[in-house]
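Read-outs: derived from the displayed coordinates by stated rules, not from any lab. What you see is a predicted model; the values in this text were computed from it and never measured. Because the Cβ atoms are built from the backbone with ideal geometry, glycine has one as well, and the counts that use them run over all protein chains shown.
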Amino acid sequence: MNLGYDGKRCLVTASTGGLGFAIASGMAAEGATVVVNGRSAASIEAARARILAAHPDARVEAAVGNSGTEEGCRALIAACPDVDVLVVNLGIYEAVDIYAAGDDRWYALIETNVMSGVRLGRHYLPKMLARNAGRVIFMASESGINPAPEMPAYSATKTMQLSLARNLAETTKGTKVTVNSVLPGPCSTEGVAALIAGLYPGVPTEEAERRFVADNRPTSLIQRLSKPEEVADFVTFLGSARTGIVNGAALRIDGGLIRTVM
């Protein structure tokens, strides 16, 4: 199946590692020009080299900027003024008791997880609407509708992200532009590995992951963490020319973790 990425420029925020890297690599493999984003030129170049090692003909560009801050968003937009596909991937999370997290922690997560999408959507989406073509994808989480007790602030920001994405989608009515959210379950990235290691200190990685799923995500039907490449395959398809009728949706790719039917 030709996904129609030839000639398209795709920006994936926070794509020097983890899930963002897997998405950028997947889109590059489909023929897109991929803009790798990170906080430093060195980390971006390392990610670019990894993509080219796997896909020698890939077209990979660089855009330095931390989209979790207003200044960083300005730098990112200056480096990459326009795109055909925007994947809002940057997100931070931490395990903290709801009564122990001070205002500063809540504001930090809101600034990064929510305001990054507000600022980037406010810039890129009007350009897509003007030419009647484009895709915006928010990397949300199943925690947005199934709050994670160990990550209350993170869960709240992901619920906000779902609402933001739907509101932006409302502005695309009658166009060929789409805005959607993707809701993965826990994924075996470096960040999640660090989180689980903190929850189960001294426990071997494989056993810690098994215990995390059993203790914190017992309704999972796959009973394991997803792999970055599995999530990236879905996101790559969603960002393609083949998904014009999917708009305003919150799409679960959570391994059956969420038990509600709607």
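Scanning the stretch 128-155 for residues that are of a type in the set (Gly, Ala, Ser) and touching a Ser or Thr at 6+ places or on another chain (Cβ under 7 Å), which turns out surrounded by the fewest Cβ atoms within 10 Å (Cβ to Cβ)? If you could, list the steps in order and put the result at the bottom.
First, the residues of the stretch 128-155 that are of a type in the set (Gly, Ala, Ser): 130, 133-134, 140-141, 143-144, 148, 153, 155.
Filter once more, keeping what is touching a Ser or Thr at 6+ places or on another chain (Cβ under 7 Å): 140, 143-144, 148, 155.
Details: Ala140: 28, Ser143: 27, Gly144: 23, Ala148: 18, Ser155: 22.
So the residue we want is Ala148.
So, in the stretch 154-178, exactly how many residues are outside any loop (DSSP other than H, G, I, E, B), more than 21 Å from Val83 (Cβ to Cβ) and among the small types (Gly, Ala, Ser)?
3
Give the stretch 30-48 a look and list any residue that's within 18 Å of Arg135 (Cα to Cα) and either surrounded by fewer than 24 Cβ atoms within 10 Å (Cβ to Cβ) or of a type in the set (A, V, I, L, M) (or both), or say none.
Glu30, Gly31, Ala32, Thr33, Val34, Val35, Val36
Return the pairs, sorted by first residue and then second, in which the second residue is part of a helix (DSSP H, G or I), the first residue lies in the stretch 41-54 and is of a type in the set (A, V, I, L, M, F, W, C), the beta carbons are less than 6 Å apart, and the residues are 6+ apart or on different chains.
Correct list of pairs: Ala47/Phe21; Ile51/Ser25; Ile51/Ala28.
State which residue is nearest to Leu120 (Cα to Cα) when the search covers only the stretch 179-206 and only residues that are hydrophobic (A, V, I, L, M, F, W, C) and part of a strand (DSSP E or B). Spell out the reasoning first.
Narrowing the stretch 179-206 to residues hydrophobic (A, V, I, L, M, F, W, C): 179, 182-183, 187, 192-197, 199, 203.
Now narrow it down to the ones that are part of a strand (DSSP E or B): 179, 182-183, 187.
Numbers: Val179: 13, Val182: 17, Leu183: 20, Cys187: 25 Å.
Result: Val179.
Any chance you could count how many residues in the stretch 190-211 are surrounded by fewer than 21 Cβ atoms within 10 Å (Cβ to Cβ) and closer than 20 Å to Pro149 by Cα? Don't jump to the end; show me each part of the working.
The initial filter retains those residues of the stretch 190-211 that are surrounded by fewer than 21 Cβ atoms within 10 Å (Cβ to Cβ), namely 190-195, 197-211.
Going one step further and asking which of them are closer than 20 Å to Pro149 by Cα, we end up with 191-195, 197-201, 208-211.
Selection size over the stretch 190-211: 14.
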